[in-house]
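Novice: Below is one structure. I have some questions about it.
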Amino acid sequence: MATRAALLAVLSASPPPRMIRVKASTFSSSSLQFQRHSRIARCFSSDTNPSLLQPPDVSRLAETARISLSPSEIEGCGAKIRQVIDWFGQLQQVDVNSVEPAIRAEMEGGNLREDAPETFDNRESIRASIPSFDELLRILWLKRFNSVLVLLPSSCLVSRFNTSVKA
Amino acid sequence: MSTTLFRTIQPNHFTLLGTALFRTRRTTRHISVRCLNQTATTQEPKPSSQPRTAPKNHGSNKLDEILRDYEAVIGIETHVQLSTSTKAFCSCPNSYGSHPNTSICPVCMGLPGALPVLSSKVVDFGVRLGLALNCELSLKSKFDRKQYFYPDLPKGYQISQFDIPIASGGYVDVDIPLEFGGGHRRFGITRVHMEEDAGKLLHSDSGDYSQVDLNRAGVPLLEIVSEPDMRSGIEAAEYGSEMQRIVRYLGVSNGNMQEGSLRCDVNISIRPIGQAEFGTKVEIKNLNAFSAMSRAIDYEITRQALLYNQGQADQIVTETRLWDEGAQKTVTMRKKEGLADYRYFPEPDLPEVILAQEYVDSIRASLPELPEAKRRRYEDMGLGIQDVLFIANDVSVAEYFDEVISKGADVKSAANWLMSDIAAYLKNEELSINDVKLTPQELAELIAAIKDETISGKIGKQILFELLAKGGTVQGLIKEKDLVQITDPVEIEKMIMKVISESPKQLEQYRSGKTKLQGFFAGQVMKMSKGKANPALLNKILLEKLNAKE
């Protein structure tokens, strides 16, 4: 349910089919964000109504992922994304009204760390694995597009879905 | 769209020489790669027929008249980099100035499967600052992900707090310095939240590639958002200074603006006086000193007021402007088109932050005396506001002063020594009060020795500098150099008689009306006593002798 809610937040955040030419520089100060708060909170708590699932605005998604797509790519992506959304649409049929939202892993709080520095040994391999410019573009494309679509790590997806489906 | 080439800095390629070739531009982190290349050339509109003039280009009377009709509304976002030993969510060392990309690990590099774990110290500091700013604490707050894509952000999102910050609804009290009109002001604090910093980008001067240093990625920050309560550049700068003082008093940050440990972004709009709704808000970044902040705001108020006055209010647009220190003006950095879309959602990898009431109470009990409380206490001790502001400004000076006072020294004298001779010495030698060899105990001794007339004020000054530089004790120096003030009238009289007998010519002149020569005689006697004669006594006896009839 949480996953669904999170996704809803993402999808409903992209406005109804309307192309927005956003220059890549549309970040605002955090104070502006708070105006949006009520809207997002509503998304999180709302009963999940399948009709909220709008067709993807691929251009908009690409914009937020900072990648540029050709018209033919937009078309190709659109169909794939649509499939994912439809799949979530199916999941939303499950009645989860009696289930507590599982926003995060259950840890009675208090999972804190001492402020003791420790140098990570294998830094060299991290640096060595940094891709070249060409590789980077490809990886970024995949990574960004995935994370725009599915904002939760896959490990979380599994556990959340288990919760929801059980209900 | 990423036409800019990003190369990750490899430590061994990065030399000191290399550093000099790159400008660090931290404030531009939110602009896109594409815009980066264009910023300088296309963003600033061509100068129109109505120049954006600085105040001095206008008759100041006319300008004052215009400004009188408008009110500025200013809010400030302050980012405070915390002086923890580790990053916020991993154990990588948090150390400024390390070799690029050496303080990294899978967590702060955003590698798959790595999980963040919050440092208890970050919570500790958040609670401290929240309490110091008189905020309401959220006993249960949480982290959220703020999504944006930029090369300084390895994970593709920043872990921050969105709808439930750790602290909210506080206020801060400041004193406006006398030279700016004085007075006491209270500014509201909207919220304080915990978040992580992004990495640093070094843009090559040629603009065709940038380098990425991720040592700062994941370093803990507290963001303080103020209410839009400030009305002038001075008030804003004073608010900023108070934030700096508070984080330094609390020990949560070094508050150093040059290193970027304290960063202020200013939101400013103006409106005709009497109008209830706010005008269009402009954000100013790149402020790395409080004086720059004050000047940038005053420039911006003038710019906007003139546009209003000339019927061009529509030219004030929602945008981010940069303060150009060289030109002393603000320039467009990027225009905002619509609201940003950060797609906030709860961070699933981190548990809620739950604070026990006892924990909060124990931190509250351990808070040091804060700047405002210190200022009010010093004022109650009888110090003038200028002394108060000077001493309370630097926590080390304030602690030093408190210690001198606790040794029984006269309050006003202690303040005077600190503000004049000691401050001048520190400035000349580029030292901080913690570097001097003079202990608070000995400064108290020095003040006492002058007060009970063991030594003269002049001698006191001489040995002060020796004590500052070399240390030692006041009593030791007085003995060693035989500096005890001469307060025996008989001895002083002897010296006076000797001087008078050696200067018959001056005596004659004096007696024929040139009474200014008293100074000459006093100087001679003082010289003879090696500065040790009690001046009051000396003058009294000298006058008697000079005016005595033969």
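The values are calculated or read from the model by the stated rules, or taken from the named source; none is laboratory data. Since this is a predicted model, take the numbers as computed values, not measurements. Quick reminder, even Gly has a Cβ in these numbers, built from the backbone with ideal geometry, and neighbours come from all protein chains shown. Surface areas here come from the heavy atoms of the whole protein model, side chains and all, with no ligands, DNA or RNA. Shrake-Rupley method; radii C 1.70, N 1.55, O 1.52, S 1.80 Å.
Novice: Rank B:Ile354, B:Tyr425, B:Pro371 by how far each Cα sits towards the positive end of the charge dipole of the stretch B:330-428 (+1 on Lys, Arg Cβ; -1 on Asp, Glu Cβ) and give me just the farthest.
Specialist: The residue sitting most towards the positive pole is B:Tyr425.
Novice: Largest first, how would B:Tyr209, B:Tyr299 line up by accessible area (1.4 Å probe)?
Specialist: Ranking B:Tyr209, B:Tyr299 by accessible area, largest first, yields B:Tyr209, B:Tyr299.
Novice: Please report, in whole Å³, the volume per residue of the convex hull around the C-alpha atoms of the stretch B:167-234. Mind showing how you got there, number by number?
Specialist: On the way: hull volume 10.5 nm³, N = 68.
In the stretch B:167-234, the Cα convex hull volume per residue is 154 Å³.
Novice: Checking the cross-link filter: which lysines have an alpha carbon closer than 23 Å to that of B:Lys514, excluding same-chain neighbours under 8 positions apart?
Specialist: Those lysines meeting the cut-off are B:Lys498, B:Lys505, B:Lys527, B:Lys540, B:Lys545, B:Lys549.
Novice: What are the equivalent ellipsoid semi-axes of the stretch B:81-239, built from the alpha-carbon gyration tensor (square roots of five times its eigenvalues), in whole angstrom, biggest first?
Specialist: Calculated on Cα positions only, the semi-axes equal 32, 21, 14 Å.
Novice: Quick one: net charge around B:His99, please, counting Lys, Arg +1 and Asp, Glu -1 for every other residue with C-beta under 15 Å from its C-beta.
Specialist: After counting each charged neighbour, the total is +2.
Novice: Now for a separate question. If you average the C-alpha positions of the stretch B:264-289 and of the stretch B:519-547 separately, how far apart do those two centres end up, in angstrom?
Specialist: 63
Novice: If you average 1/r over all unlike Cα pairs in the stretch B:340-425 and invert the result, what Kirkwood radius do you get in angstrom?
Specialist: 16.1 Å is the Kirkwood radius here.
Novice: Right, next: Sum up the charges of everything whose Cβ sits under 13 Å from the Cβ of B:Ser420, counting Lys and Arg as +1 and Asp and Glu as -1, but leave B:Ser420 out.
Specialist: Residues close to B:Ser420 contribute a combined charge of +1.
Novice: Could you please report the charge total around B:Ala398, scoring K, R as +1 and D, E as -1 over all other residues with beta-carbon less than 11 angstrom from its beta-carbon?
Specialist: Numbers: positive: B:Arg245, B:Arg248, B:Lys374, B:Arg375, B:Arg377; negative: B:Glu369, B:Asp394, B:Glu399, B:Asp402, B:Glu403.
Taking every Cβ under 11 Å from that of B:Ala398, the sum is 0.
Novice: Given only helices, namely DSSP H runs of n ≥ 4 each adding -39500 (n - 2.57), what is the per-residue ellipticity at 222 nm of chain B, to the nearest 500 deg cm²/dmol?
Specialist: Helix contribution divided over all residues of chain B: -11500 deg cm²/dmol.
Novice: Quote to one decimal, in nm, the extra length available between B:Ile273 and B:Ala114 on full extension: 0.36 nm per residue of separation minus the C-alpha distance between them.
Specialist: 51.8 nm
Novice: While we're here: If you take all C-alpha pairs in the stretch B:51-168, what percent of them are over 19 Å apart?
Specialist: 64
Novice: Here's a follow-up. Apply the a/c threshold of 1.5 to the C-alpha gyration tensor of the stretch B:256-346 and tell me whether it is rounded, prolate or oblate. Don't jump to the answer; show the numbers that get you there.
Specialist: Working: a/c = 1.89, a/b = 1.16, b/c = 1.63.
Oblate, because a/c is 1.5 or more while a/b does not exceed b/c.
Novice: Further, regarding this structure: How large is the Kirkwood hydrodynamic radius of the stretch B:205-322, in angstrom, based on all distinct alpha carbon pairs?
Specialist: The answer is 16.3 Å.
Novice: Which of B:Lys62/B:Lys285; B:Lys412/B:Lys437; B:Lys374/B:Lys479; B:Lys407/B:Lys458; B:Lys470/B:Lys530; B:Lys374/B:Lys470 have a Cα-Cα distance over 27 Å?
Specialist: B:Lys62/B:Lys285; B:Lys374/B:Lys479; B:Lys374/B:Lys470
Novice: Given a 1.4 Å probe and the protein chains all in place, what does the accessible area of B:Thr515 round to, in Å² to the nearest 10?
Specialist: The accessible area of B:Thr515 comes to roughly 80 Å².
Novice: Tell me, in nm to one decimal, what length is gained between B:Ser366 and B:Asp435 on full extension, where the rule is 0.36 nm per residue of separation less the Cα-Cα distance? The partial results should precede the final answer.
Specialist: On the way: separation 69, 0.36 × 69 = 24.84 nm, distance 2.66 nm.
Going from the current span to full extension adds 22.2 nm.
Novice: Ok, one more. Across all directions of projection, what mean area in square nanometres is found for the Cα convex hull of chain B?
Specialist: Dividing the Cα hull surface by four gives the mean projection, 35.3 nm².
Novice: Return a whole-number percent for the relative contact order of chain B, with Cα pairs under 8 Å and 6 or more residues apart as the contact set.
Specialist: 14
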